[in-house]
Each structure stands twice: as structure tokens, then as C-alpha cells.
Amino acid sequence: MSVEFALRKVLNQIKSRYGDYPKFLFSDKGTEFYNFKVNDLLNKKNIRLYSVHSINKSAITERCIQTLRRRLVKIQYQQDTKDFLKLFPTVVSKYNSTVHSSTKLAPREILNTDTQVTAFQNLYGKLALKKPKKLYFKKGDFVKIAKYRLLFDKASSSQTYTNETFKISKCVQAVPVNY
């Protein structure tokens, strides 16, 4: 099964359940999401794809995948089957009903704005109450992105910024500020 096929199926389920497609999709920079077919699908559904431009991946997503995989393997072993597609909906349903220590809520409970705010405050604590910082740049400014260096890279011998120059098209006053 291709990522494009699976993504199409998931997006259609989201639309049937919530009445619309999501506006954004967050992923790592893997080629399974960055290809012509997935790009075409997302453009047709008016969904913007964002990635983590950092060596630090999406820890919350990675933890969710790890938990789902562990639970799936456990059920496969208990039921003596390798057919994970049949078991996966049950695993996801149980996961969505389980209260998480980080948010103090089950994912199924985080559907309305009130519980989303509570979950965010439980997850990020004081950061959730911080006021956004003053914007340092403005729309139209040209910037470069800082390069991530490995632990033992010498600061004096490597470039600190990328060669590419980017023009700021939008400023979002949030915590942290987004450009």
C-alpha cells in the first residue's frame, strides 16, 4: 500500500467524521511525503504540508507511533496472527481512549476548544501562559536559516547559516514567534 493511497483514505475518513479536510499536515522531511503524488493530493484538498526543519524530530508523534507499534505487536502475539490491518482499528481505538500522562486526557477527549486549551496547558505548562515576544522581523524582510551543527563540529570551520536567502511572507505572533 502506498503512502498516497493510505493518506487519501485517512483524509477521507477525517472529512466524513469532521466535515472537512485538515488545513495542515505536519511530517518529517521523508520522501514518503515529499513526492509528486502526495503533493498533488494535498494541493487538490487545499492542505499545506509542513516539516520539522531540525535534527529534533516530532517527539510526540514518534512516541505515539512507538506506543501503537508496541500495542500492535502485543495483540498480534496474543492472537497469534500477523494480520495487523485487521487489528489496527482496535489498537487505535484503545489508544484514543487511554488517558495520557502528558495531557491528562485521552486523545478522544481533545476535540473541542476547551479541552484543547487544557491539554496544551497540561503539556506545555507555563509556556502556554507566556505572552508572545515582539516580532523581530517584518513581512518582506530577507533572512537566512541557522545551520544545525553536529555535536563535535568545530564552530570556526563550518558555516553557521545556509546559503539560501528567504523572504518572510507572513509573521505569526505566537509562542514561539513564527515567520
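The set of residues in segment 67-81 that are under 17 Å from V92 (Cα atoms) and charged (D, E, K, R) comprises R69, R70, R71, K74. With respect to the conditions (1) over 14 Å from the mean Cα position of the chain (by Cα); (2) small (G, A, S); (3) within 29 Å of S102 (Cα to Cα); (4) surrounded by 11 or more Cβ atoms within 10 Å (Cβ to Cβ), S51 lacks only one, and its number is (1). Pairing residues of segment 111-134 that are part of a helix (DSSP H, G or I) with residues that are at pLDDT below 75, at Cβ distances under 6 Å and at least 6 apart in sequence or on separate chains, gives F120/A128; Q121/A128. Only residues that are surrounded by 13 or more Cβ atoms within 10 Å (Cβ to Cβ), touching a residue at least 24 places away in the same chain (Cβ under 8 Å) and either farther than 19 Å from I65 by Cα or aromatic (F, W, Y) (or both) were counted in segment 9-34, giving 4. Restricting attention to segment 97-143, the residues that are of a type in the set (D, E, K, R) and modelled with pLDDT of 85 or more add up to 6. Please verify whether A155 is part of a loop (DSSP other than H, G, I, E, B), more than 30 Å from R71 (Cα to Cα), of a type in the set (A, V, I, L, M, F, W, C) and modelled with pLDDT under 85, treating the condition exactly as stated. It is true that A155 is part of a loop (DSSP other than H, G, I, E, B), more than 30 Å from R71 (Cα to Cα), of a type in the set (A, V, I, L, M, F, W, C) and modelled with pLDDT under 85.
The values are calculated or read from the model by the stated rules, or taken from the named source; none is laboratory data. Here the structure is a predicted model, which means the values were calculated and not measured. Neighbour counts are summed over all protein chains in view; Cβ atoms, including those assigned to glycine, are modelled from backbone coordinates with ideal geometry.
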